[in-house]
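Take a look at the structure below.
The values are calculated or read from the model by the stated rules, or taken from the named source; none is laboratory data. Everything numeric here is computed off the predicted structure, so don't read it as measured data. Glycine gets a Cβ as well: all are built from the backbone with ideal geometry, and neighbour counts include every protein chain shown. Side chains are part of the model used for accessible areas, which takes the heavy atoms of the whole protein and leaves out ligands, DNA and RNA. Shrake-Rupley method; radii C 1.70, N 1.55, O 1.52, S 1.80 Å.
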Amino acid sequence: MPVAAGDWFTSGERAALDAAMRRAEQACRAEFSVFVGAAEGGDPRAFAQRLHQRLVAPDRSVLIMVDPTRRALEVVTGAWVRQTLTDGEVQVAVLHMQSDFAAGDLAGGLRRGIEMLAEHARAPRTLHAKA
């Protein structure tokens with residue numbers, strides 16, 4: 001989990017976020033990354049997109065970037081992820097995260113957002129019938 005300098009989480013919160021990302025990755029086979037810190041440059045979205053492109057497998061990745069100081073939240077998804085995760089589903093997860101952040105729960109909001117994104121990014125199950 002890439003996290004910028006600064007101490008935004010307790011060790012327990014960091015461990016819970018790591019565990020949430022591992023579960024999410026197992027559930028949907030996408031890679032999850034979180035960046036919490038200052039969005040360098042003028043546009044938080046552009047900064048998040050640059051971070052996403054530096055990931056090992058950007059096509060299979062979901063990046064959640066939070067700049068608590070600027071109150072910015074961006075989610076960037078790769079092409080492979082977008083095959084099962086729609087913009088609308090991302091927006092619903094963003095709204096839930098923003099609600100938790102507004103209540104002062106940064107770590108809990110991120111965990112909930114990761115879980116929601118993974119659930120929606122999961123490939124649909126198919127039933128196979130005998131011919």
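Within the chain, what percent of beta bridges assigned by DSSP are antiparallel, to the nearest 5? Kindly include the intermediate steps, with their values, before the conclusion.
On the way: 6 of 12 bridges.
Bridges in the chain that DSSP calls antiparallel: roughly 50 percent.
Please list, in order, the residues from the range 35-53 whose amide nitrogen is less than 11 Å from a point placed 7 Å along the Cα→Cβ vector of Thr69.
37-41, by backbone N distance to the label point.
Using R₀ = 30 Å, calculate the FRET efficiency as 1/(1 + (r/R₀)^6) where r is the Cβ-Cβ separation of Asp7 and Ala123; round to 0.05.
Numbers: r = 37 Å, r/R0 = 1.23.
For Asp7 and Ala123, the calculated efficiency is 0.20.
What percentage of the solvent-accessible surface of the range 1-102, computed with a 1.4 Å probe over protein heavy atoms, is contributed by carbon and sulfur atoms? List each step's numbers first, then the result.
Numbers: 2640 of 5400 Å².
Answer for the range 1-102 is 49 percent, counting heavy atoms of protein chains only.
In terms of the Cα gyration tensor, with a ≥ b ≥ c the square roots of its eigenvalues, is the range 1-66 rounded because a/c is under 1.5, prolate because a/b exceeds b/c, or oblate?
Details: a/c = 2.83, a/b = 1.13, b/c = 2.50.
Oblate, because a/c is 1.5 or more while a/b does not exceed b/c.
Give, in nm to one decimal, the length gained when the segment between Arg50 and Thr84 is fully stretched (0.36 nm per residue of separation minus the Cα-Cα distance). Don't jump to the answer; show the numbers that get you there.
Working: separation 34, 0.36 × 34 = 12.24 nm, distance 2.25 nm.
Taking Arg50 through Thr84 to full extension adds about 10.0 nm, to one decimal.
Would you compute, from DSSP H runs of 4+ residues alone, the mean residue ellipticity of the chain at 222 nm, taking -39500 (n - 2.57) per run and dividing by the full residue count, rounded to the nearest 500?
Values: 4 runs with 60 residues, N = 131.
Result for the chain: -15000 deg cm²/dmol, rounded to the nearest 500.
Could you pull out every residue, at least 5 positions away or on a different chain, whose amide H is within less than 5 Å of the one on Val36? Hs are placed 1.01 Å off N in the peptide plane, and Pro or chain starts have none.
When sequence neighbours closer than 5 places are left aside, the close amide H contacts are Ala4, Val66.
Can you list the residues of the range 60-89 with backbone N under 11 Å from a point 7 Å past the Cα of Ala16, pointing along Cα to Cβ?
Output list for this probe position: empty.
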